[in-house]
Amino acid sequence: MPDVDVPETHYATAPDGVYIAYQVTGEGPVDLVWQFDFVGNVDLAWEEPVYALWLPGLASFTRLILHDRRGTGLSSRNVSPPDLETRVADLRVVLDAVGSERPVLAGRVEGGAPNALLAASDPERVHAIVWWDPSGRSVWSPDYPWGVRPEFVEAGERELQH
């Protein structure tokens, strides 16, 4: 794994007082926001083998902006899981904090959902979106048999309690 310098973590405050952890690295001509799938941790992501290559690669030609959604990673943890509108509001807080006016928004699986909502609701704020491996939903249901089974979700919820 390459030796990677982890950017300094900063915190933006949402209107309801929740702290949103974020990092900015790179000096490219375009701002790129990468949304982590499900859970993330802006500090630990740099140690994960795929992200240890992916993130520096992105930062080599962009100003890369990362953030942890509320309730996960280094953001405030004592809060309810955010709905999609709250995730978009938190994204706006981070964009305002770093002075990003028209970023490219990118994400994987359900990490792209807030990007799509922000682009649809405020197209002047978004330069473009990149949604890698989009998913309509992630949890199994009778009409979505490809989803994650309930017992897997329950195991994940138990892990999050630790």
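The values are calculated or read from the model by the stated rules, or taken from the named source; none is laboratory data. Computed from a predicted structure; not experimentally measured. Every residue, glycine among them, receives a Cβ derived from its backbone with ideal geometry; neighbour counts consider all protein chains shown. Please note that ligands, DNA and RNA were not included when accessible areas were found on the heavy atoms of the full protein model with its side chains. Shrake-Rupley method; radii C 1.70, N 1.55, O 1.52, S 1.80 Å.
Below is a table of values for the structure above.
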read-out	value
For region 27-162: accessible area per residue (Å², 1.4 Å)	56 Å²
Kirkwood Rh, Cα atoms: Rg over Rh of region 88-135	0.95
Carbon/sulfur fraction of accessible area - region 58-111, other protein chains in place, 1.4 Å, %	49 percent
Kirkwood-Stokes translational diffusion coefficient of region 69-113, alpha-carbon pairs, 25 °C, 0.890 mPa s, µm²/s	212 µm²/s
Residue of G17, G71, G28 that the Gaussian network model of the chain assigns the largest fluctuation, springs spanning Cα pairs under 10 Å	G17
Helix-derived mean residue ellipticity, 222 nm - over the chain, DSSP H n ≥ 4, -39500 (n - 2.57), to 500	-9000 deg cm²/dmol
Angstrom value of the Kirkwood radius, inverse mean 1/r, which spans all Cα pairs in the chain	16.4 Å
Share, in percent, of DSSP beta bridges within the chain that are antiparallel, nearest 5	40 percent
Distance from region 93-162 to region 2-63 (C-alpha centre basis), Å	16 Å
Helix axis angle, 150-161 relative to the chain longest principal axis, alpha carbon, degrees	50 degrees
Rel. contact order, % - alpha carbon contacts under 8 angstrom, at least six apart, the chain	21 percent
Loop-resident sites, region 62-153, for chymotrypsin sites (Phe, Trp or Tyr not before Pro), counting at most 10 other Cβ within 10 Å (DSSP)	W146
